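Below is one structure, written out as structure tokens, with a few remarks after it.
The values are calculated or read from the model by the stated rules, or taken from the named source; none is laboratory data. In this text, all values refer to a predicted model and were calculated from it rather than measured experimentally. Neighbour counts are summed over all protein chains in view; Cβ atoms, including those assigned to glycine, are modelled from backbone coordinates with ideal geometry. The protein model used for the area step is the full one, side chains on, heavy atoms only, and it has no ligands, DNA or RNA in it. Shrake-Rupley method; radii C 1.70, N 1.55, O 1.52, S 1.80 Å.
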Amino acid sequence: MAIIATGGTYSAYQYSKMLTKTPSGIIDDNIKKDPTPIAPYDKVLAAPNAITAPAPKIELKPSENITIQPVSTTQPVPAQTAPTIQKPSAQTAPAVQAAPQIVAEPPIKKMPIASKPALIESTSAKQQADLLYRQAENNSEDYSAIYKLEQALKLDPRHLRARLLLAKTLHNQGQVGKTAEFLDQSLVLFPDNLQFINTRAQLYLQQKNPNGALKTLQRIDLTNSSNETYLSLLAATYQQLQSFANAAKVYQRLVTVNPEKAENWLGLALSQEKLDNPKLTREAYQQALNKNTLKESITSYIKQRLTELR
């Protein structure tokens, strides 16, 4: 009996020691047997800097939970054997809620600031002006060409080819006044442009305004150049101004530049005749006559002058 009482007392002591353990202690014992990691609750929640450093997605595996028999408040009756711990079935296991997945928002990109929008608009305007110029160039005889060229110059006032074509088109259509006004505007932008200078001087000569022509031609000095158009206009201007010495010098330059042109020799002959140089006049008239390119009326006049100068 003493042995039996001693064994019962020992069993009761072991049973009471087990019941005094906290649920967490029992769970720890169970984890030692089945070490399935369980994330702490504070790790599942989103961190304050979840946007910049997103919390990793933690997938929890539900461990086999253990149901604990209710502990009686009364002194338990000693049992012969320790109570067995039963594992709950899958249906009775409480569901463990998975941690919410934190999706990091993409960083906000700063939109690039366009630099120098005026330059972009200017480039676009030049492209449009060039397109209008090409359309007008392909059909310059049409009256719509003037409108297209004017629109091109509104987009790009320094479009030189459009200006030159517009001046030529206006002149060819006989719009002398409008051509002269347009050339004056063009010379403000391009004061040394030879084509604008020559065309404007020619209009001055047609209007019997040699002073205006000379002032325009003297914007640049091409007296010793080989530009035949400029030299011809300058020589004709001196003739209208009755500055025959200067005219003779320019015509002498012209016959050097292009000796096969009869008009150059004719101008030289007329200037030398005004200067009372009969020998040089006869030589120049004869050279003009030998080219056989002048009109019959001019040829008759030259022959008459050669007869009178003998």
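Odds and ends about this structure:
- Straightening the chain between GLU141 and ARG219 buys 24.9 nm, computed as 0.36 nm per residue apart minus the Cα-Cα spacing.
- Stretched out straight at 0.36 nm per residue, the stretch from THR293 to LEU189 would grow longer than its current Cα-Cα span by 33.5 nm.
- Label-to-label distance for VAL257 and ASP130 is 3.2 nm, based on points extended 7 Å past Cα in the beta-carbon direction.
- Per-residue SASA remark: GLU228, around 50 Å² accessible (1.4 Å probe; ligands, DNA and RNA not included).
- Length added when fully stretched, ASN227-ASN172, from 0.36 nm per residue minus Cα-Cα: 17.6 nm
- Entries in LYS178/LYS303; LYS168/LYS279; LYS215/LYS279; LYS126/LYS168 that, when Cα-Cα distance is taken, lie over 31 Å: LYS178/LYS303; LYS168/LYS279; LYS215/LYS279
- Zone of ARG158's modelled label, taken as backbone nitrogen in the stretch 183-210 under 20 Å from a point 7 Å along Cα→Cβ: 183-197
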